[in-house]
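Visitor: Attaching a single structure in structure tokens format; questions to follow.
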Amino acid sequence: MAFAITQTCCNDATCVSVCPVNCIHPTPEERAFGSTEMLYIDPKTCIDCGACTDACPVDAVFPVDSLPVDQREYADINAAYFERAGEEAPEADDLGPNFHAWSEPTFERVLPSDFGPLRVAIVGTGPAGMYAAEDLLLHTRADVTLIDRLPVAGGLVRHGVAPDHPATKRVGDAFARFHTHPRVRLHLGLEVGGDITAEELAAHHDAVIYAVGAATDRRLGIPGEERTGNVSATSVVAWYNGHPEVAPDAVALSAERVVVIGNGNVALDVARILVSDPETLAGTTIAPHALAELRRSKVREVVLLGRGDPEHAAYTRSELLALRHVPGVDLIVDDHDPRVGTTIDAAGPKEKAALLRGVARQPVDWSLPPGAAERRRIVFRFLSAPLEICGDEDIRGVRVTGADGEVEISAGMALRAIGYRGVPPAGLPFDDAAGTVPHEGGRVTGRAGTYVVGWIKRGPSGGIGANRACAAETVGTLLADVVAGVLPAPTGHPKSFHRLARRRRRH
């Protein structure tokens, strides 16, 4: 019997470090690391020791013969990865705009004895910030100040992960153990650039790491975006996760059909939540106001609109597999373009498009409402781009392209799910085109003692585990600067900062 890694894999590679027979790949030392959707266990090498199961922070590893019914495909998915072991790994330039190639380490890990007392502030308590904190606390004697503008810690682990993915949210428990570490001070409800200035923060610390993520969403740039009923999928995610800055009545599910523009993982998460039986969500972390709205929801159909074909869709295989197992929900592929069916039929067993084989394909009359069918459904419309959000003040539909010409999909709600975007952190340089802070190995350009990690550093790419390698790179750069003696000395006393923070925080 072997083990298999499943849907909730976070790619942080903790399992790799504990495997005694090196059966989990790709490892952080391999070129493919970061380019695959998940990690994989070689069934021919696995010795069934269970070390990976104990180490996994998101409960993604199961014995093959104990896989839940809705995850049995992962036995074949793990095995299939190693059937390709002889294939040449892709170059980073061929992996798409969202792949970040990690640089080689530029220093050997320093010892705590190599430098004196160190005070580091980390702005943001999501995965990126907490991986950086973990690295500092476990490998140095640094004192760490954690700061978050929200009254609760967790970042996207708390407010960005779907409530029906409890195992993924569980990684937050691993991070939370550092909140009470004896060398950590945690300040919640404190905004840098609002309650305190970046200069005040820097004056009291040897270094400051910004882990502020990508706080807004990308715009479509098409007519009609201002119409009522067109909202960002990221705000819907925040709404059903109880984000304190999103009003409980921010989302009204009064439309029978919802068009989700985009087909990445966030789009699939939102679609799944909107059509799921609310009672299956009742025992999760979903916000009570969202559960109440879902119980009175009129949504019968969600359309996932994607510019590309089924093989190049932005979602991961695991998210599509999860969608196939939602009880009481039908999946449909809009057969408007013959290239869609051709791509699905021609796909090899290891290709993403093959997962849609067996899903019903049919042309859809988009001028008609979805009707009162007993079962709800999700419709994939590939090779179709949005042109306009149609309507008066409220939307009545979305005009899209396709092989059948321009078509208006009648809908009472549209959600844009085309990616997150960073916003300029106060006092730091900003690359508006990339939505990131310019840096070199995490060191902010032109700002001695200032560093970035996570999505504000590399852009909104990679899941939770990608932040582990990202944080290691940034902390490595910081420690190299410490040893080189190039950090500016703080002028303020630690206690004075904590008194200042208590006076200024809003919650």
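Here, each number is a calculation from the coordinates, and none is a lab measurement. It should be emphasised that the depicted structure is a prediction, and the values quoted were computed from it without experimental measurement. Here the Cβ is made from the backbone with ideal geometry for all residues, glycine too, and neighbour counts use every protein chain on show.
Visitor: Within the P(r) computed for segment 433-506, what percentage of the Cα pairs occupies the region above 21 Å?
Guide: 44
Visitor: Run the numbers for ASP76 and GLU37: contour at 0.36 nm per residue of separation, minus the present Cα-Cα distance, in nm.
Guide: Going from the current span to full extension adds 12.5 nm.
Visitor: Which cross-chain or sequence-distant (5 or more) residues have an amide H under 5 Å from the amide H of CYS390, H modelled 1.01 Å from N in plane?
Guide: Amide H to amide H, under 5 Å and 5 or more residues apart or across chains, CYS390 pairs with ARG396, GLY397, VAL398, ARG399.
Visitor: Antiparallel DSSP bridges in the chain: what percent, to the nearest 5?
Guide: 30
Visitor: Moving on. In the chain, which longest range has no GluC sites (Glu not before Pro) that are both DSSP loop (not H, G, I, E or B) and surrounded by at most 12 other Cβ atoms within 10 Å?
Guide: Free of exposed loop sites, the longest segment is 246-373.
Visitor: Can you give me the relative contact order of the chain as a percent, contacts being Cα pairs under 8 Å and 6 or more apart?
Guide: 20
Visitor: Also: Got the relative contact order for segment 219-336 handy, in percent, Cα pairs under 8 Å and 6 or more residues apart?
Guide: 32
Visitor: Once you wrap a convex hull around the alpha carbon atoms of segment 3-94, what is its projected area averaged over all directions, in nm²?
Guide: Quarter of the Cα hull surface area: 5.8 nm².
Visitor: Ok, one more. Expressed as a whole number of Å, what is the distance separating the alpha-carbon centroids of segment 246-310 and segment 363-393?
Guide: Cα centroid to Cα centroid, the span is 15 Å.
Visitor: For the chain, what does -39500 (n - 2.57) per DSSP helix run (n ≥ 4), summed and divided by total residues, give at 222 nm, in deg cm²/dmol to the nearest 500?
Guide: Roughly -7000 deg cm²/dmol at 222 nm, from the helical runs in the chain.
Visitor: What percentage of all Cα-Cα pairs in the chain are separated by more than 38 Å?
Guide: Within the chain, distances greater than 38 Å cover 29 percent of Cα pairs.
Visitor: Using only Cα atoms, figure out Rg for segment 220-419 and give it as a multiple of 2.2 N^0.38 Å.
Guide: This ratio for segment 220-419 stands at 0.97.
Visitor: Check the straight Cα-Cα distances from LYS350 and name the lysines below 30 Å, setting aside those fewer than 8 residues away within the same chain.
Guide: Filter leaves LYS44, LYS169.
Visitor: How about segment 390-467: which chymotrypsin sites (Phe, Trp or Tyr not before Pro) there are in a DSSP loop, with at most 16 other Cβ atoms within 10 Å of their Cβ?
Guide: Those satisfying the criteria are PHE430.
Visitor: Mind listing the phi-derived Karplus ³J(HN,Hα) values for segment 31-41, rounded to whole Hz, using 6.51, -1.76 and 1.60 with θ = phi - 60°, and x for any glycine or proline?
Guide: The phi angles translate into 4, 6, 4, x, 9, 8, 5, 7, 9, 9, 9 Hz.
Visitor: Another question about this same structure. Once every Cα of segment 379-483 carries one equal point scatterer and solvent is ignored, give the base-10 log of I(q)/I(0) from the Debye formula at q = 0.14, 0.15 Å⁻¹, two decimals.
Guide: Treating every Cα as an identical point scatterer, log10 I(q)/I(0) equals -0.70, -0.74.
Visitor: For the residue pair ASP54 and ILE222, what label-to-label distance in nm results when each label sits 7 Å from Cα along the Cα-to-beta-carbon direction?
Guide: 5.3
Visitor: If you restrict to DSSP beta bridges whose two residues both lie in segment 220-419, what percentage is antiparallel, to the nearest 5?
Guide: About 25 percent, rounded to the nearest 5.
Visitor: Quick check: Cα centre of segment 1-54 to Cα centre of segment 396-458, how many Å?
Guide: Answer, in whole Å: 31.
Visitor: Hydropathy at least 0.5 by Kyte-Doolittle, axial extent at least 24 angstrom from the Cα trace: which helices of the chain, defined as entire DSSP H runs, fit?
Guide: 466-484
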